[in-house]
Amino acid sequence: MVIFRLVFGLLLLAALLCFAMYIGTQQAVWKQRGLIVLKWTVLAGLGFFAVIALERLTPLL
């Protein structure tokens, strides 16, 4: 659980830094990188919550 929170936080920080670089340099490559990192962060979060939901459903089955 702690490892996931650390990875999730670092991914969000990386996306934030990419967007800050885009604002500072106006180079579109930083915006694209930020969107890619943000997309994978959201997908990782959805996957994590799906695993938690499945763990909670197993006693009911």
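Find all pairs meeting these conditions: Cβ atoms under 7 angstrom apart; at least six residues apart or on different chains; first residue within the stretch 33-61 and under 23 Å from Y22 (Cα atoms); second residue modelled with pLDDT under 90 and surrounded by 10 or more Cβ atoms within 10 Å (Cβ to Cβ).
Taking only residues 6 or more apart or on different chains, the pairs are T41/F8.
Going by what's in this entry, would G9 be described as assigned to a helix (DSSP H, G or I), surrounded by fewer than 12 Cβ atoms within 10 Å (Cβ to Cβ), out of contact with any Ser or Thr (no Cβ under 8 Å at 6 or more places or on another chain) and at pLDDT 95 or above?
no
Restricting to the stretch 13-41, count the residues that are at pLDDT 95 or above and out of contact with any helix residue (DSSP H, G or I) (no Cβ under 6 Å at 6 or more places or on another chain).
Qualifying residue count for the region: 15.
The values are calculated or read from the model by the stated rules, or taken from the named source; none is laboratory data. Quick caveat: nothing in here was measured; it's all calculated off a predicted structure. Because the Cβ atoms are built from the backbone with ideal geometry, glycine has one as well, and the counts that use them run over all protein chains shown.
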